[in-house]
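See below for the structure under consideration.
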Ligand code: AVI
């Protein structure tokens with residue numbers, strides 16, 4: 001086996017090993033817990049695409065509006081001193097929003113490279129092909145792997161100024177404490193003058209938020225239940241998904257929007273050698289989608305050692321892309 005293939009195989013084995021370990025540990029704690037980062041297998045990816053098309057799920061449209069209508073303001077802040085830079089996007093996916101910014105920056109004569117980071121090599125290949133057609137003069141350096149590892153890699157590739165994007169409200173999938181640690185870790189890797197641009201879903205009418213995660217069509221429910229199917233498929237488990245029901249909550253005071261699966265009966269589930277007992281009405285904590293106020297965003301930025309430059313919001317004031325400087 002070549003060294004490269006060998007390391008890819010090791011990475012996959014590691015991922016599977018961690019998946020198994022996380023599932024067993026999570027289901028043996030109280031309350032039971034599964035990690036939403038495992039939602040995204042090929043079926044989960046498709047379900048998430050469906051979620052983004054749902055009329056109730058406003059987040060994508062709001063952030064797309066910010067990137068398409070406030071591009072100029074964003075570009076001016078990014079290129080304020082005209083120095084060359086690397087634009088690094090954490091979890092770039094199809095770069096639907098950032099491509100507005102890329103197009104705009106590429107029309108000026110500012111020197112920059114785009115470094116999309118994603119765990120999926122396949123997504124990066126598709127993205128690079130799309131970008132080479134849409135923005136032929138763009139210098140794209142794809143980085144496949146985990147965020148921090150690839151961020152370290154980006155630092156080794158060049159010493160230019162860094163602008164890091166973390167969009168989509170993905171910061172919301174961490175609780176507030178994790179988000180603080182995450183932002184501090186980003187800060188540790190950056191230097192004075194570097195920027196960090198984060199998308200936050202804001203606190204708003206609680207009905208609007210709850211509907212986005214509790215759709216009548218059942219797509220969000222299927223998105224959660226798919227993780228049980230994934231555990232069946234990949235870890236040889238025997239979840240009977242008829243006996244688990246999606247349950248969503250939103251606490252407007254803390255801003256925590258949480259999804260759970262409820263066991264509808266007393267049941268044992270076997271995952272290879274492990275057997276796990278679920279009491280009737282027992283919950284599995286599946287995901288947090290934390291919502292923020294502007295004050296909480298300000299606090300998060302200063303706790304992590306950044307200066308908040310500006311919050312760019314959509315017309316309805318439901319979402320902001322917050323621009324922070326080291
Ligand atoms: C990816 N992430 C920002 C989504 C969110 O809004 O928390 C995931 C999601 N979960 C249910 N619907 C969407």
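Readers should treat all values here as calculations from the given coordinates under stated rules, not as data from a laboratory. A quick note: this is a predicted structure, and the numbers were derived from the prediction, not measured. As a convention, Cβ positions derive from the backbone with ideal geometry for all residues, glycine included, and neighbour counts pool all protein chains shown.
Quick rundown of the values:
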quantity: DSSP bridge pairs, the chain: antiparallel proportion in percent, nearest 5; calculated: 60
quantity: Percent RCO, i.e. relative contact order, over the chain, from Cα pairs under 8 Å lying at least 6 residues apart; calculated: 20
quantity: Overall dimensions of segment 155-253 by Cα: Rg and Dmax, Å; calculated: 18.9, 54
quantity: Over segment 230-318, relative contact order from alpha-carbon pairs under 8 Å, at least 6 apart, %; calculated: 22
quantity: Fewest-first ranking of 201, 139, using other Cβ atoms within 10 Å as the exposure measure; calculated: 139, 201
quantity: Cα-based helix-to-principal-axis angle, 3-27 vs the chain, degrees rounded to 10; calculated: 50
quantity: Exposure proxy order (Cβ contacts within 10 Å, fewest to most) of 107, 203; calculated: 107, 203
quantity: Longest to shortest principal axis, alpha-carbon extents of the chain, angstrom; calculated: 64, 56, 36
quantity: Calculated on alpha-carbon atoms, Rg and Dmax of segment 249-326 in Å; calculated: 19.6, 53
quantity: Cα-based helix-to-principal-axis angle, 98-107 vs the chain, degrees rounded to 10; calculated: 10
quantity: Whether segment 167-326 is rounded, prolate or oblate, judged on the alpha carbon gyration tensor where a/c under 1.5 counts as rounded; calculated: prolate
quantity: Helix axis angle, 121-134 relative to the chain longest principal axis, alpha carbon, degrees; calculated: 40
quantity: For segment 74-182, convex hull volume per residue from C-alpha positions, Å³; calculated: 107
quantity: Principal axis box of segment 202-261, alpha-carbon based, largest edge first, Å; calculated: 41, 23, 17
quantity: Anisotropy class of segment 55-136 from Cα gyration tensor, a/c 1.5 cut; calculated: oblate
quantity: Burial ordering of 158, 98, fewest other beta-carbon atoms within 10 Å first; calculated: 158, 98
quantity: Relative contact order (%) - criterion: Cα under 8 Å, at least six apart; region: segment 175-326; calculated: 32
